[in-house]
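Structure record follows, encoded as structure tokens.
The values are calculated or read from the model by the stated rules, or taken from the named source; none is laboratory data. A quick note: this is a predicted structure, and the numbers were derived from the prediction, not measured. So basically every Cβ, Gly included, is an ideal-geometry build from the backbone, and we count neighbours across all protein chains shown. When the accessible area is computed, the model is the full protein with side chains, heavy atoms only, and any ligands, DNA or RNA have been set aside. Shrake-Rupley method; radii C 1.70, N 1.55, O 1.52, S 1.80 Å.
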There are 4 protein chains.
Amino acid sequence: MKKAIRKKDIDLMVYDFDGVLTDNKVLVFEDGKEAVVCNRSDGLAIRKMRENKIQQIFLSAEKSGIVAVRAKKLKIKAIHNVRDKKTTLIAYCKEKKYDLKKVLYVGNDSNDREAMKIVGYPVAPRDAHKSIKEVAKFIINVDGGQGVIRALYDRIILK
Amino acid sequence: MKKAIRKKDIDLMVYDFDGVLTDNKVLVFEDGKEAVVCNRSDGLAIRKMRENKIQQIFLSAEKSGIVAVRAKKLKIKAIHNVRDKKTTLIAYCKEKKYDLKKVLYVGNDSNDREAMKIVGYPVAPRDAHKSIKEVAKFIINVDGGQGVIRALYDRIILK
Amino acid sequence: MKKAIRKKDIDLMVYDFDGVLTDNKVLVFEDGKEAVVCNRSDGLAIRKMRENKIQQIFLSAEKSGIVAVRAKKLKIKAIHNVRDKKTTLIAYCKEKKYDLKKVLYVGNDSNDREAMKIVGYPVAPRDAHKSIKEVAKFIINVDGGQGVIRALYDRIILK
Amino acid sequence: MKKAIRKKDIDLMVYDFDGVLTDNKVLVFEDGKEAVVCNRSDGLAIRKMRENKIQQIFLSAEKSGIVAVRAKKLKIKAIHNVRDKKTTLIAYCKEKKYDLKKVLYVGNDSNDREAMKIVGYPVAPRDAHKSIKEVAKFIINVDGGQGVIRALYDRIILK
């Protein structure tokens with residue numbers, strides 16, 4: 001198991017949204033509106049990484065536009081309503097000339113599994129599904145929505 | 001106590017909504033609007049079962065239309081505002097020619113008890129009321145709203 | 001410490017709202033709107049007590065109309081925006097000819113203390129403030145908002 | 001480590017908002033609206049301190065106007081959208097003639113650190129970031145949003 005994550009070894013940080021930036025819950029209203037609960041500490045960490053010129057995107061299967069709203073506030077890119085995350089990620093990295101071996105991917109459930117298997121830095125929150133923990137090389141000791149990205153940021157060696 | 005749940009032994013999965021798909025909480029606004037908190041992991045599991053041709057319905061005593069909204073998003077049927085769940089379930093299974101012995105029912109509180117006593121697979125979340133745990137043949141080791149259906153799906157033998 | 005609560009010994013059940021029916025949290029929106037989280041299991045218990053002809057009211061210091069909305073749905077009375085709960089309770093019981101010794105009062109924080117000292121059945125949730133637990137004769141082994149009234153209902157001897 | 005906090009030694013109480021008055025979470029809607037979860041017990045404590053003529057302000061980095069809404073309800077001042085809390089706090093105290101040695105500051109994450117280093121009473125909730133706990137002279141044994149100010153109030157010697 002790899003231990004250190006150095007900024008210079010990372011081309012791109014990819015975050016699944018639900019279950020990573022959130023506790024995987026969704027608030028459902030009678031009119032079909034939805035809301036999710038994010039963590040300000042992740043917002044702070046994402047901003048710090050952006051200031052350190054680390055590329056970051058959200059990659060989500062959800063139809064809901066909440067991920068785009070959150071990405072806009074945190075000034076990073078979001079790709080949502082994705083059926084096949086692995087294929088989408090390969091295409092995105094090819095376009096941007098990112099090396100998959102230098103991609104860090106934080107995922108929590110089975111639809112992240114194939115994408116996580118092709119990147120150099122597959123990361124899981126503490127409460128990820130067991131099928132995900134099997135393929136993760138890094139486990140963050142924090143549950144989804146409780147500051148996973150904040151804790152990840154503390155582990156990145158910036159110099 | 002039965003241990004295995006085989007897809008071929010199940011005609012229908014019935015889910016009480018509040019306390020099973022949710023933590024039994026309800027968000028109440030000043031104008032009377034309500035919202036509940038669901039779990040994306042249950043959504044993923046319900047979709048997987050649907051793709052495996054397993055029939056699923058929500059059966060709820062609640063007047064609120066939230067259960068219908070959630071059912072629509074997950075593309076399953078919802079029967080809500082039900083006063084007598086046992087009678088409603090018998091009628092539904094008769095119409096659909098489902099065998100009650102092949103019905104799985106996940107419930108959490110006393111208004112599920114009579115319906116659970118007539119089905120072959122009565123299931124309770126870990127935090128169900130004690131009167132429900134008494135009649136359940138399966139206890140899912142997860143609290144309501146924390147991914148009960150996701151954990152149930154992991155226990156179903158699909159072949 | 002009294003242990004049994006018999007229906008025939010109770011004229012009135014009084015529930016503080018925030019911290020008893022809720023976890024004492026309030027959702028705050030940018031436009032000043034508020035929402036709170038209630039528990040369906042308390043709703044079920046209040047309905048059962050109503051069907052058993054047990055009188056119940058909410059008594060709340062809060063300005064917000066949420067308590068009235070919740071009371072309406074559960075078909076009980078609410079008195080809110082109350083500055084002095086003790087005085088209000090005395091006046092209400094005098095008007096309704098309820099004996100304070102036969103009043104059960106569930107409260108959680110210091111503004112419930114004086115009212116709880118004059119009733120026969122002062123009750124506190126597990127996570128009430130210590131100044132309240134000092135005057136409570138009954139502690140419900142459940143935190144506010146987690147089904148305090150549901151657990152209380154299980155302790156009432158109906159016959 | 002100082003233990004007693006006497007009212008007469010305090011010119012001003014400064015509360016970071018997110019992570020102190022809240023659990024640092026934010027509810028995010030599809031239209032970009034946000035909401036946060038506050039605690040009624042903190043509201044009660046802030047009112048009691050106001051009645052005891054203790055000056056209190058919220059000091060927040062957040063753009064969102066929620067902090068102003070909450071401050072208005074609790075009848076205290078809020079300064080939000082603050083980039084550099086230390087500089088803002090110095091200017092505010094100079095204008096109001098408050099002695100920084102008599103300022104109590106409750107903060108939870110790295111953007112509070114510099115401001116906390118210049119005040120006489122730096123306070124952290126139990127779940128504050130480790131970089132904050134390093135500079136705090138007082139740790140409140142309660143997590144952010146769970147009644148930090150209510151617990152702090154219990155520690156203040158009013159006479």
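Here the stretch D:33-98 and the stretch B:30-103 have alpha carbon centers that stand 45 Å from each other. Between C:L44, D:A115, C:V142, the Cα set farthest toward the positive side of the dipole of the protein assembly as shown (charges on each charged residue's Cβ, about the Cα centre) is that of C:V142.
Among residues other than C:V20 with Cβ under 13 Å from its Cβ, the summed charge is -3 (Lys and Arg +1, Asp and Glu -1). Near the amide H of D:N39, within less than 5 Å, lie the amide hydrogens of C:V26, all on another chain or at least 5 residues away, with H placed in the peptide plane. For the rotational copy relationship between C and B, the axis lies nearest to a chain C beta carbon, identified with its distance in whole angstrom as C:L27, 5. Taking chain B as a Gaussian network of alpha-carbon nodes connected by springs under 10 Å, the highest mean-square fluctuation of the residues B:G107, B:G120, B:G32 belongs to B:G32. Summary for D:S131: label point 7 Å along Cα→Cβ; distances to the equivalent points in the other copies, ascending, 3.8, 3.8, 5.4 nm. Counting only DSSP H runs of at least 4 residues, each contributing -39500 (n - 2.57), and dividing by the residue count of the protein assembly as shown, the helix-based mean residue ellipticity at 222 nm comes to -8500 deg cm²/dmol.
Which of the GluC sites (Glu not before Pro) across the stretch D:65-159 are loop residues per DSSP, with 16 or fewer other Cβ within 10 Å? Taking the stretch D:65-159 and a limit of 16 other Cβ atoms within 10 Å, the loop GluC sites (Glu not before Pro) found are D:E134.
A cut-off under 9 angstrom between Cβ atoms defines the neighbours of C:V106, and their net charge, with Lys, Arg +1 and Asp, Glu -1, is -2. Site pair C:K159 and B:I157 shows an inter-label distance of 4.6 nm when each label is modelled 7 Å from Cα along Cα→Cβ. Once the 1.4 Å probe is applied to the protein heavy atoms, the stretch A:7-156 comes out at 39 Å² accessible per residue. A label point on D:K97, set 7 Å along the Cα-to-Cβ line, lies at 6.4, 6.4, 9.1 nm from each of its counterparts in the other copies, closest listed first.
Look at the alpha carbon pairs under 8 Å that are at least 6 residues apart: their mean separation over the length of the stretch A:7-156 gives a relative contact order of 28 percent. Each Lys and Arg adds +1 at its Cβ and each Asp and Glu adds -1 at its Cβ; summed about the Cα centre, the stretch A:7-156 shows a dipole of about 760 debye. Highest mobility in the GNM of chain C, judged by mean-square fluctuation with C-alpha springs under 10 Å and restricted to C:V37, C:V123, C:V28, is found for C:V28.
Give the calculated FRET efficiency between C:K33 and D:K77 to the nearest 0.05, with a Förster radius of 30 Å applied to their Cβ-Cβ distance. Once rounded, the FRET efficiency stands at 0.85. Residue by residue along C:135-142, Cβ atoms of other protein chains within 10 Å of the local Cβ number 0 on average. Across the options B:A71, A:A68, A:L152, the greatest Cα extent toward the positive end of the charge dipole of the protein assembly as shown (unit charges at beta carbon of Lys, Arg, Asp, Glu) belongs to A:L152.
The shape of the stretch A:7-156 can be summarised by an equivalent ellipsoid whose semi-axes, obtained from the alpha carbon gyration tensor, come to 21, 17, 16 Å from longest to shortest.
3J(HN,Hα) along the stretch D:66-77, derived from phi through the Karplus expression 6.51 cos²θ - 1.76 cosθ + 1.60 where θ = phi - 60°, amounts to 4, 4, 5, 4, 5, 4, 4, 4, 8, 6, 10, 8 Hz, with x in place of Gly and Pro. On full extension, the segment bounded by D:D84 and D:N141 gains 17.8 nm, given 0.36 nm per residue less the C-alpha separation. Less than 5 angstrom separates the built amide H of D:I139 from those of D:A124, all sequence-distant by 5 or more or on a different chain. Note on C:K7 and B:K102: their simple-model spin labels are 4.3 nm apart, each label 7 Å out from Cα toward Cβ.
Here's how it looks for A:I5: its modeled amide H is under 5 Å from those of A:I157, which are all 5 or more places away or on a different chain.
Sorted from shortest, what are the nm distances separating the label point of D:K3 from equivalent points in the other copies, each placed 7 Å from Cα along Cα to C-beta? Those label-point separations list as 4.0, 4.0, 5.7 nm.
For the cross-link pairs A:K94/D:K33; A:K7/A:K73; A:K48/C:K130; C:K101/C:K159; A:K25/D:K85, the ones whose C-alpha atoms lie over 30 Å apart are A:K94/D:K33; A:K48/C:K130; A:K25/D:K85.
Ligands, DNA and RNA left out, the accessible area of the stretch C:18-159 computed with a 1.4 Å probe is 49% carbon and sulfur. Between C and D, roughly 1900 Å² of accessible area is buried in total, ligands, DNA and RNA not counted and the probe set to 1.4 Å. Across the stretch A:24-37, coupling constants 3J(HN,Hα) worked out from phi with the 6.51/-1.76/1.60 Karplus curve, θ = phi - 60°, read 6, 8, 9, 7, 10, 9, 5, 8, x, 5, 10, 8, 10, 9 Hz, and Gly and Pro carry x.
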